[in-house]
Every structure is written in structure tokens, then in C-alpha cells.
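For reference, the structure discussed in these notes is given below.
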Amino acid sequence: MTEPLLRVRDLKTYFVTEQGSGTARAVDGVSFELYPGETLGLVGESGCGKTVTSLSILRLIPEPPGHIRPGSFIEFEGRNLLTVAPNELRAIRGNQIAMIFQEPMTSLNPVFTVGYQIAEAAIVHQGLSRRAARNRAIAMLKLVGIPDADERVDHYPHQMSGGMRQRVMIAMALVCHPKLLIADEPTTALDVTIQAQILELLEALQAELGMAIMLITHDLGVVAGTADRVVVMYAGQVVEQAPTTELFARPLHPYTEGLMASVPRIDTRVSQVRGRLHSIPGQVPAATAWPPGCRFHPRCPHAWDRCAQEEPPLLDAGAGEPGAHTVRCWLLTEPQRRKGGA
Amino acid sequence: MSVWTWLALAGAVAVALLAVEEAQRAARTSGAGRRFLRHPTAAPGVFILAFFATIAVAAPLVAPYEPSRQLDIVHLQNHAPSLRFLLGTDLYSRDVWSRLIYGARVSLGIGTLAVLIAVTVGAGVGAIAGYFRRWADANLMRLVDVGLAMPRIFVLLIAVALWERVSLAVLVLLIGLTGWFGTSRLVRAEVLSVREREFVAAARALGAGPARVIFRHVLPNASAPVIVSAALGIGNVMLLEAGLSFLGLGVPSPAPSWGSMIFDGSQLIAAAPWTAIFPGVAIALVVMALNAVADALRDALDPRKEAA
């Protein structure tokens, strides 16, 4: 197998809380790899640490209150991003690794034209002249499918719709042809129809530019449609990791199963729906006090006493190559404990 | 007073009216501009400022006499306002109207330059404190506390007393460097809120360094309160300069400043009231106009009114 583009090992990002009520372990020992040209889906509920993971990669965690624990390791093309000098880091940001933010409404600076903002990364990294920057911005606007690019380049963000602004955000991120694009919930704030367009656009651009995408989302439908591999996060940890088709065919962690059961299905007839939409009972515990043992055990339908005492490691589910499908669940060692079938 | 002077005066009024017209036309195209015009005092304020700015810039064209020339020390001393001397003459037979015009240069010039210095320093310090937080913030803001605690006029008096003769440039510097404390507080507060906005994180994510983030992304979004406080500040500085000149410590004679004109005229207030009253009226008009414009700007630039 080829060398991974990005290798995250044992990433721990903690936040010291204001009232001194303890340390919020927002990301607590996350490891995964991302290969060139691949799309990795990072899935989980709100508050499970997806966004903090992505911000940690670019070292955009506000310090204080946050800090990345020593022993964490984020390697991008053989360089540890946690130890590189600030100016070297700035040379990577926007140039090699770019990021699309959640909110297209607030992630654009209201006082500059979109053209300037798109070209800014190119101005910073490649020292483009004003005229060259403008031409590049127009080309990028065309690339992301905005009509009348010559005119739109001089518009301000408030003159554009949400979908257009998200396209502008994508253009901003891609202007330097990064090797890795981190897309943090790129479609959450958009209409469903626009969502599909944006995802298709990302896919087309990936094929054209050959970059890797880390797609962060809470929407399993988005992941199923676009990602090659999926990492499921819960309570600051990776709980399951598998190729997309494998994960959807054979989800092993009860949390993954719960997530999938919570998605309304269009192929069940109304007469067959026995009750309400499935939901996982309870809510994500506070990051200052993760439960002992398996962090999911208070909400798990299959939990037994071992789950409350011992924290399961990531276990190999033994599908395909070793490490292709891993699960953080004791059920893998004691499958007879699974309730209701299997 | 010749026909030419009257023409020049009419010309200045016309220029000021044109400026108001132009401002109104430009303002109508944006929401903020319309809110600015809704203020009843905004247009008169702009008119007054434009008028004084015009006569200050075109002083040699508008003034009928040289400001420091003693026309006829025997016969034209303390001449009352007339057709020949629009605002009369002073003790040394100098034309008050001409001195008022040249005084506008000095007074408006000092006000604008000093505020420019104050705003630049204040914005820089406030931005650094607000953006970097931590020790930079703590130290700079303590410094500002000290600066705010000292009465400004007192600091200026000490500085002026230390030197025999204070040139205009030094006076401007002194006033500017003692006037940035409040601005830096304003800017810091604004920067604290802007730096948490998502586009700032986006700018950092694309590799922009701290200087670029501060000057390109944070400060332009924090400029509204600065503009307002600068407009108010010019008026304040003009009053301060007038006060200093009145105490005989400001603009050195015989250069005409409105403050020193009032000082000179105050001794003859009973015999020749016009020598003190007209510069006083000029100061009052300009300061009121600045306050009116600042008030309208505040309403216009307040982001909370953006939705309305």
C-alpha cells in the first residue's frame, strides 16, 4: 500500500474549562490515516470531537483554553505538524492543506470582494500580482460553477446566496491546489438540493485535481454517497473504522448501528413503520467526565458489566487486510452477548 | 473689501453646497448612507465642515488681506465690522476675517493631524492587545489605564513648560500622543469580538500570518467605532488647542489660531467684542458640526441597525 498522506496518531486535544470544573477531553486518543486521492468520512454526533480533530490538524485550536497533549502526532507527508515552526506551518496552511468551514454565511469577510478572498491564499503563498490574482479568482469561480464569473468576482459576500457562498468557500480552499482538503460539514447549512450539488462539485474537483478529502459530517447519507472510508467517532474516540461499503453492509459497533437505525428510510412503507423513528437513548456525556470503561456503555443496549469496567481497544474485525475494519467494542470478543439475533 | 473677496466667499459657500449635494448622492446608494442622511443635523454639519475646509485650503484666494499684516496701526485699530472689514480689525489693525480664514488652516490642521496620530497609535495598540490577548493585552491595557488616569491638559502643560518654544509639529505630536488611550480601548473591545468570527479562522486556515489577519481581516471590521470617535476627537482636539492657545501655551504668535485670537481679543472684549466673538463662533460651529456628523455616523455605522 502507498504511504499515507496524513497520519494522525493518538491525538489528544484537551480544553481547560473556565470554572476549573476539570479538563474537557474533546479529542482523546484519535488515530487514523488518510491516503492520497482518497475521501475519508469522519462521522459522529455533535460534540464527539470531529471539528476539534480537524482544527487540531491545522493547529487552529485556540490556546488557551485548548491544548494538544504531548505525545500526540500528526504527520503530513513525513513532517510532524505539531512540531514545525510557525512560518513553516503557515506555508502549509492553505497551500498544502486547505479547509472549508461549516458556515458559509459567516466564514467570508464582509468587507472584501469574493474575488479578493479567493485569491488571497494565492497572494500569500505565491506572491501573485493584483491582476494575476483577479484572473485566478475568475478562473476559480468558473471552476466551481458560478455563472457570470467576470462579474461575480467583484461582488461582496452579502450579494450572494448561501449555496454560492459555499462555492466561493470551496474556490478559496482550492486556489492553491492543496493535497488535502478538510471539509467541515460543508453542506449542513444548505438546502438539500444545493447539498447534492456541492457534494457532486467536490467529487468532480477531486477527480480533476487529485486531492484527498477529509469530509466531516453527521449525515450518514452524505458519507455513503461520497466517502471511500469512514471513521466513526464517539466521545472523543474512534469507535469504528472501515471502508464505506463494508461499514454499511456490516456495522459492528452498537453506536454505528444506532446511527444507521436513526436515519429515516424512504424504502419502508408507512404501514410497516411500527412506531417512531429509532433514536439512541440518552445523550453524549460531558467531555469533562467521560464514563469509565467503554464510553458508550450507558447508552448501549448490549452492555454488560465488563463494558463498565474495562475500556475496549480498537479490535480488528478481520475483514480484508488487517486493520481495514476496526471496532472499539467487547462484543467482538464475546459475540454471544449481543441481544436480539446475531 | 473688494468684489473679489465677496466672490471668493460665495465660491466657498458654493463649494460647500456642492459637497453636501455630492455626499447626499453618494449616500443614497447604501443603507448606511440613508441612515446617515436621516439625521436632521447631518447635512448642515457636512455643509459647515465643507465650508471651513474650503476656506482653509483656499485661504490665499479667499482672504482679502495678509493675516499678520498691520494695515494702519493708527487709523484702523479696532475697526468695527463694516463692508471693508467684514469682521472688523483687531488691536494691531489686522483683518479679523483674514485671520479667521488662516486660523481655520491651523485649527483644523492641528485637529485632523493630531487625531490621525491618535487613531493610528490607538488602533495599533488596541489591535495588538485584543488580538494577542494574554500578556500583551494585560501590559498594554495597564499602560492605557495610566494614560487615562492622568489629566490630558496637565500632561500637555508640563510638556509645553519643559520647552521654551513649542513648534506646531511638536504640538501636534504631543496632542496626538496623549489622545490615543480611549481609542485603543474601543478598538480592543471591537477586535475581541471580531477575532472570534469564523472568517478570521478561515483566513488563518489559508495561511495568513498575524499581521495580515489583523490589518486585512480584523481591523477593517472594527473600524466603525473608530471613525465615530475620530470625528468626535477632532472637535475635542480643537477645543484643547484653543484652550492651550488661550493660556498662551499653544500656537505661537503671530500665527493665527482661533484659540490665540480669542486670547488676544479677550482683553478688549468691551471695546472691540468682534475680535474675540467671531473666532469663538467659528470654533463653536465647527465643533457642533463635527458632533452632529459623528452622531449621524454612529447611527449609520451601527451594525445592530443593519437589519432595519
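Nothing in this text is a laboratory measurement; each read-out follows from the coordinates by a stated rule. A quick note: this is a predicted structure, and the numbers were derived from the prediction, not measured. Heads up, the Cβs are rebuilt from the backbone with ideal geometry, glycines too, and the neighbour counts pull from every protein chain shown.
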Cα long-axis angle, helix B:223-246 against chain B (0 to 90 degrees, to the nearest 10) = 30 degrees
Would you mind pulling out the separation of the Cα centroids of the stretch B:212-271 and the stretch B:107-139, in Å?
-> 17 Å
Evaluate peptide B:218-229: per residue, the Cβ atoms of other protein chains within 10 Å of its Cβ; return the mean as an integer.
-> 1
Once a ≥ b ≥ c are taken as the square roots of the eigenvalues of the Cα gyration tensor of the protein assembly as shown, is the result rounded (a/c under 1.5), prolate (a/b larger than b/c) or oblate (a/b not larger than b/c)?
-> prolate
Considering chain B as a Gaussian network with a 10 Å cut-off on Cα pairs, which listed residue, B:Ala114, B:Ala127, B:Ala27, attains the greatest mean-square fluctuation?
-> B:Ala27
Candidate aspartates and glutamates - alpha carbon under 12 Å from A:Lys12, same-chain residues fewer than 8 apart omitted | A:Asp28
Calculated [θ] (222 nm, deg cm²/dmol) that DSSP helices of n ≥ 4 give over chain A, each run adding -39,500 (n - 2.57) = -8500 deg cm²/dmol
Antiparallel DSSP beta bridges within the protein assembly as shown, percent to nearest 5 = 60 percent
Report, in cubic angstrom per residue, the convex hull volume of the C-alpha atoms of the stretch A:1-101.
-> 118 Å³
Which shape class applies to the stretch A:44-196: rounded if a/c is under 1.5, otherwise prolate when a/b exceeds b/c and oblate if not, where a ≥ b ≥ c are the square roots of the Cα gyration tensor eigenvalues?
-> oblate
Mind listing which chymotrypsin sites (Phe, Trp or Tyr not before Pro) in the stretch B:137-211 are in a DSSP loop and have 14 or fewer other Cβ atoms within 10 Å?
-> B:Trp163
Helix axis angle, B:168-177 relative to chain B longest principal axis, alpha carbon, degrees = 30 degrees
Net charge of neighbours whose Cβ lies under 12 Å from the Cβ of A:Leu58, counting Lys and Arg as +1 and Asp and Glu as -1 = +3
In the calculated pair distance distribution of the stretch A:102-187, what percentage of Cα-Cα distances lie above 19 Å?
-> 30 percent
Of A:Pro251, A:Pro65, A:Pro264, the one that fluctuates the most in a GNM where chain A has Cα springs shorter than 10 Å | A:Pro264
For A:Asp148 and A:Asp191, compute 0.36 nm times the residue count separating them, minus their Cα-Cα distance, and round to one decimal in nm.
-> 13.2 nm
Under 17 Å from A:Lys339, Cα to Cα: aspartates and glutamates that are on another chain or at least 8 residues apart = A:Glu257, A:Asp305
Which semi-axes, in whole Å and largest first, does the equivalent ellipsoid of the stretch B:39-171 have when worked out from the alpha carbon gyration tensor as the square roots of 5 times its eigenvalues?
-> 42, 21, 12
Label-to-label distance, nm, for residues given as B:Glu21 and B:Leu7 (7 Å Cα→Cβ offset) | 2.0 nm
Return the percentage of antiparallel bridges among DSSP beta bridges fully within chain A, rounded to the nearest 5 %.
-> 55 percent
For chain A, just say rounded, prolate or oblate: build the C-alpha gyration tensor, square-root its eigenvalues into a ≥ b ≥ c, call rounded for a/c under 1.5, and beyond that prolate if a/b exceeds b/c, oblate if not.
-> prolate
Amide hydrogen neighbours beyond the local backbone of A:Ile213, cut-off 5 Å, H modeled = A:Glu38, A:Thr39, A:Leu40, A:Leu181
Calculated from DSSP helices alone, with each H run of at least 4 adding -39500 (n - 2.57) and the total divided by the residues of chain B, [θ]222 nm to the nearest 500 comes to -22500 deg cm²/dmol
Helix B:96-132: inclination vs chain B longest Cα principal axis, degrees, rounded to 10, gives 10 degrees
Would you work out which of A:Met105, A:Leu199, A:Ile216 lies farthest towards the positive end of the dipole of chain A, given +1 charges on the beta-carbon of Lys and Arg and -1 on that of Asp and Glu, about the Cα centre?
-> A:Met105
